[in-house]
Amino acid sequence: MLKIMVSAGEISGDMHAAAVLKKVKGKYPEVEIFGMGSTALKEMGAEILIDPTEISTIGYIEALKNLRQHFKHLSKMKELLRERKPDLVFLVDYSAFNMKLAKACSQAGVKAVNYFPPSAWVYNKKRAAKMASYGTKIAAVFPMEREVYAEAGADVSFVGHPLLDMVSVEAEPEELRKEFKLSDSERLIGLFPGSRRGEIESLLPEMLKAASELKKEKDDLKFLVSAADGIKEEYLQSFVDQSQIKAQIIGESNYKIMKAAEFIITASGTTALESAILNTPQIICYQAAWTSYFLAKYVFKIEFVGLPNIIYGSQIVPELLQNDFEAAKIVEIALEWLNDQNQLNKIKNKLQIVREKLGGGGAVNKTAELLLKEGGLKNSG
C-alpha cells in the first residue's frame, strides 16, 4: 500500500494534482490518497478533508484577510501528517502554504514532491534555497524554474508543463469560424476577463469599452467573451448589457476561441500561457490592489507578469498593468495589429519558441512516475 497526502489550495492546483494522481492510480490501483483539494481530486477518488478553494485570492495583502483560516488548514494538515503517516506528500502550487508544509514534512522525515513549486525564478530566490534545505523533490514545469532550484541545491526533475498535453483543438480555424457563425469577412477577437469575480469586475467593463471603440473603427470585427469554468454566462451578460457592444458570451470553448481569433485580450494568468501554446497573440491585462502591485514591482522587482514574456525572457506581447490598463491603450495596440499582419506574425514566431521551452509533453505521466519512484515503487511500468 502506498499512502500519498496531497496539498492543493486553488482550483488550478486541484486540477493539476488530480490529473497526476489519476495517472498514479491507473499504474498502482492500491494507492490511498487523502488531504487538501477540491472537486477534481474528489472526482478522481481522493479523500478530501479540507477544501480551501472558497478563500483563494489574488495578491499578498488580499490573502491576509483569510490568514486565520489558512493557519487552521495548516494545523489540520500537520495533524494528518502525524496521524495518517503518509509515505509521500504531493505539494501542488499554493506556495506560501506548501512551503510551511514542506518544512513540516522535513521535520517529520516524510518525503515531499513539489509540483508547480514557489516561483523563485520570478522573485525571492531564497525560497528555492529553503525548499532545497527541506529536501523537497522539485518537479519543475518551467525551464527557468529548473535552473533556479538546481542552483539552490535542490533535487530537481524537469517534467515540463502539463498544458502542452491539455491545450489542443483538432478543428481548423475555418471550421471554428463556422461554428461561431462568422461570415467570411468578419474578424474575431476574443475577450478573456478571468475566472474570479474580482478580476472580471475590474477588467471586463474596460475590455468591452475598448471593443466598442474598435467596432467603430472597424465594422468587420466580432467579439466573443469567454466564460471561465464556474462563471455563469448570465453574470457576464450583465456587463455586456451595460456596454455599447453586442459581444457574445461563450462557455466551455476557451481553446476554440483562442484558435479562431486573430488575437485575444486577456487577464494575466494561465490563459495567457494557453493562448501562447495555441500560437495566438494576446494583450495581457492586469489590475490588483495597489499594495500587491507595489510589492511585486518595487520590492520583488518583477519585470513581467505575463508567462509568455517571462518564459521568453523579454516582452513579446504587451502588458497593460494598473493605470496603463485602459480602453484607449487596448484600442491603440489592437488597431496596429489589425492594420499590420506582419506584427502578429512576428509575435507568433516568438510564441512558438515559448512553446518549445515548455518541454516535449508528457508532464503528467512524468510526474506520476516521479511520485511512484519517490514512494518506493520504482518498477511502476
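The values are calculated or read from the model by the stated rules, or taken from the named source; none is laboratory data. This one's a predicted model, so the numbers in the text were calculated from it and none came from an experiment. Cβ coordinates were reconstructed from backbone atoms using ideal geometry, including for glycine residues, and neighbour counts include every protein chain displayed. The protein model used for the area step is the full one, side chains on, heavy atoms only, and it has no ligands, DNA or RNA in it. Shrake-Rupley method; radii C 1.70, N 1.55, O 1.52, S 1.80 Å.
Here are a few things to note about the model shown:
- Residue in the range 190-199 that is open to solvent by 10 Å² or more (accessible area, probe 1.4 Å), in contact with a helix residue (DSSP H, G or I) (Cβ under 6 Å, 6 or more places away or on another chain) and of a type in the set (A, V, I, L, M) present: no
- Of all residues in the range 121-138, those satisfying the criterion of being within 19 Å of the chain's Cα centre (by Cα) and open to solvent by 10 Å² or more (accessible area, probe 1.4 Å) are Trp121, Val122, Tyr123.
- Counting only helices (runs of 4 or more DSSP H) that sit wholly inside the range 1-120, those with at least 1 residues that are open to solvent by less than 10 Å² (accessible area, probe 1.4 Å) are 11-27, 39-43, 67-84, 95-108.
- Scanning the range 237-259 for residues that are within 21 Å of the chain's Cα centre (by Cα) and either under 11 Å from Leu188 (Cβ atoms) or hydrophobic (A, V, I, L, M, F, W, C) (or both) yields Ile250, Lys256, Ile257, Met258, Lys259.
- Residue list for the range 370-381, filter: assigned to a helix (DSSP H, G or I) and either at pLDDT below 95 or out of contact with any Lys or Arg (no Cβ under 8 Å at 6 or more places or on another chain) (or both): Leu371, Lys373
- Note on the range 327-367: residues that are under 27 Å from Ser157 (Cβ atoms) and in a helix (DSSP H, G or I) total 12.
- Of all residues making up the range 126-183, the number that are farther than 30 Å from Lys22 by Cα and assigned to a helix (DSSP H, G or I): 10
- On the stretch given as the range 139-151, residues that are more than 20 Å from Glu303 (Cα to Cα), surrounded by fewer than 22 Cβ atoms within 10 Å (Cβ to Cβ) and hydrophobic (A, V, I, L, M, F, W, C) total 1.
- Residue selected from the range 184-207 under the condition polar (S, T, N, Q) and in a loop (DSSP other than H, G, I, E, B), by the criterion farthest from Glu234 (Cα to Cα): Ser185
- Search result, residues across the range 254-266 that are in contact with a strand residue (DSSP E or B) (Cβ under 7 Å, 6 or more places away or on another chain) and under 23 Å from Glu170 (Cβ atoms): Asn254, Ile257, Met258, Ala260, Ala261, Glu262, Phe263, Ile264, Thr266
- Check on Leu208, at pLDDT 95 or above, under 16 Å from Leu338 (Cα atoms) and open to solvent by less than 50 Å² (accessible area, probe 1.4 Å): no
- With respect to the conditions (1) open to solvent by 70 Å² or more (accessible area, probe 1.4 Å); (2) modelled with pLDDT of 95 or more; (3) of a type in the set (Phe, Trp, Tyr), Tyr298 falls short on a single one, namely (2).
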